[in-house]
1. Which residue, of 281, 292, 321, is within 28 Å of residue 151 (Cβ to Cβ) and within 19 Å of the chain's Cα centre (by Cα)?
2. Within the stretch 188-212, restricting attention to residues that are within 16 Å of residue 257 (Cβ to Cβ) and without any contact (Cβ under 8 Å) to a residue 60 or more places away in the chain, which residue is nearest to the chain's Cα centre (by Cα)?
3. When the residues of the stretch 215-229 are filtered to those that are in a loop (DSSP other than H, G, I, E, B) and touching a residue at least 24 places away in the same chain (Cβ under 8 Å), which remaining residue is surrounded by the most Cβ atoms within 10 Å (Cβ to Cβ)?
4. In the stretch 343-380, what residues are in a loop (DSSP other than H, G, I, E, B) and either surrounded by fewer than 22 Cβ atoms within 10 Å (Cβ to Cβ) or out of contact with any helix residue (DSSP H, G or I) (no Cβ under 6 Å at 6 or more places or on another chain) (or both)?
5. Within the stretch 308-318, track down each residue that is free of Cβ contacts under 8 Å to residues at least 40 places away in the same chain and either over 20 Å from the mean Cα position of the chain (by Cα) or over 22 Å from residue 133 (Cα atoms) (or both).
6. Residue 244 passes all but one of (1) out of contact with any strand residue (DSSP E or B) (no Cβ under 7 Å at 6 or more places or on another chain); (2) surrounded by fewer than 21 Cβ atoms within 10 Å (Cβ to Cβ); which number fails?
7. Which residues, counting only those in the stretch 256-281, are crowded, with 21+ Cβ neighbours inside 10 Å and either in a loop (DSSP other than H, G, I, E, B) or not assigned by TED's automatic domain parsing to the domain that holds residue 77 (or both)?
8. Would you confirm whether or not the stretch 284-300 contains a residue that is assigned to a loop (DSSP other than H, G, I, E, B), touching a helix residue (DSSP H, G or I) at 6+ places or on another chain (Cβ under 7 Å) and either free of Cβ contacts under 8 Å to residues at least 60 places away in the same chain or within 18 Å of residue 181 (Cα to Cα) (or both)?
C-alpha cells in the first residue's frame, strides 16, 4: 500500500479515494460534482488541529497587542460595573470629525442597532430595507410590532435605491441600509447614497450601518457620518470595534446622530459598556498599525478566495468587507455540512440566497489556502 500523507489521514475518506486507496466514493448528492484526482493533492496542506472559523466575520488577529496591554493594565478594575467613557467618546468624535454630543457608545453596535429598532417601532409602523441584509435591527423592531418591508437587491446584488424609494409608505418610520451590505459585501455609489439618504431623512429616520467601513476599497464609496457633522437630524450611522479592531468578544460599538437623537438613544440603552472594553478600544483606536495590518492581511486572504473563484468559474461578489459571497450552485446547508467535516465553519443561511450562495468570512491567508484546497477537492 502507498504511504499515506498526514493530510490524507486528516481529510478522511474523500482524500483516500482520491489517492486510489479505497475503491470508490459512496454516492451522495455531491458525487457528480467531485473530481478528486490524485494530482489535486500535491499542495499537501495539512488540516489544522482546530476549527477554522469562516462564518462570523471576525478579525482572526485581534485584539492588537496595545489593546491586550490595556486590558492587562486595567484588569484590576474588572470589579467595576462600568468605566469612564468620556476619553473614548472624545477620541471617536475627533477621528470622525463630529462632536462628543454626536456619539453614542453601545455594548457592540448591536445595542445601537436595537435601540434604533425600538425607536422605529414605537408607532408600530414600517421599516424599509434591502433584502438580504443584516437582521439585528430588523428582528428587534419586528418583535416590537414594526412591519418590515424587504426590497430585493437588484441584478448587480446591490440595494435597489429606486425600489426602496417606491416601497416607502405613509406609515414608514425608518429606512435601513447596510453599506457595505452583509451578507453581500457590495457598496453603493457614494453620490447616489448621499442623495437617497438626504431625501429619505426629510420625513423618516434613516439608519446606515457601516460596520465594515474600514475595509472598503471602492473609490465611489462614501461614509454618511459627514451628514451627521452637517447637523442633519434624522440620520443615524453605526460603526463597530468588533471587526477591524478585533474586539467582538468585548462588545463595543458606536452610534453617530444629531445630539437630540443621540441623547434619546443613550436614555434607551439597556447595558453598560465594560471598563475593559472601553480601555481596549481607546488603546486600539490610537494605534494605526494594527488596523493597517488587518486590512493588508484581509486583502491577501480575499485574493486567495477570489483567485479560486476565477479559476473555477464561480460567480462571486467583489468584496469590500472581510467576507465574500460565492455562488456555489448548491444549498448553503450542504456546503456548511461538508466543510464542517473538514474542520471549517462557513456562514449560516441567508434567505432567499441560501439555495445557491454561501458567505465565507476571511481568516488568515494560510487558513484560506486550506479552505481553497478543501473546496476544490469537494466541489471543483
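1. The unique qualifying residue is 321.
2. Filtering the stretch 188-212 for residues that are within 16 Å of residue 257 (Cβ to Cβ) and without any contact (Cβ under 8 Å) to a residue 60 or more places away in the chain, the one nearest to the chain's Cα centre (by Cα) comes out as 210.
3. Pass one, the stretch 215-229, residues in a loop (DSSP other than H, G, I, E, B): 216-224.
When the remaining residues are screened for being touching a residue at least 24 places away in the same chain (Cβ under 8 Å), the result is 216-218, 220-222, 224.
Values: 216: 20, 217: 12, 218: 14, 220: 12, 221: 17, 222: 20, 224: 24.
Within the stretch 215-229, the match that is surrounded by the most Cβ atoms within 10 Å (Cβ to Cβ) is 224.
4. Residues satisfying the conditions are 343, 347, 348, 349, 350, 351, 352, 356, 363, 364, 380.
5. We begin by selecting, within the stretch 308-318, every residue free of Cβ contacts under 8 Å to residues at least 40 places away in the same chain; these are 309-311, 313-316.
Residues satisfying the conditions are 309, 310, 311, 313, 314.
6. (2)
7. 273
8. No.
The values are calculated or read from the model by the stated rules, or taken from the named source; none is laboratory data. Because the structure is predicted, anything quoted here is derived from the model rather than measured. A quick note on method: Cβ atoms are made from the backbone with ideal geometry, for glycine too, and the neighbour counts reach across all protein chains shown.
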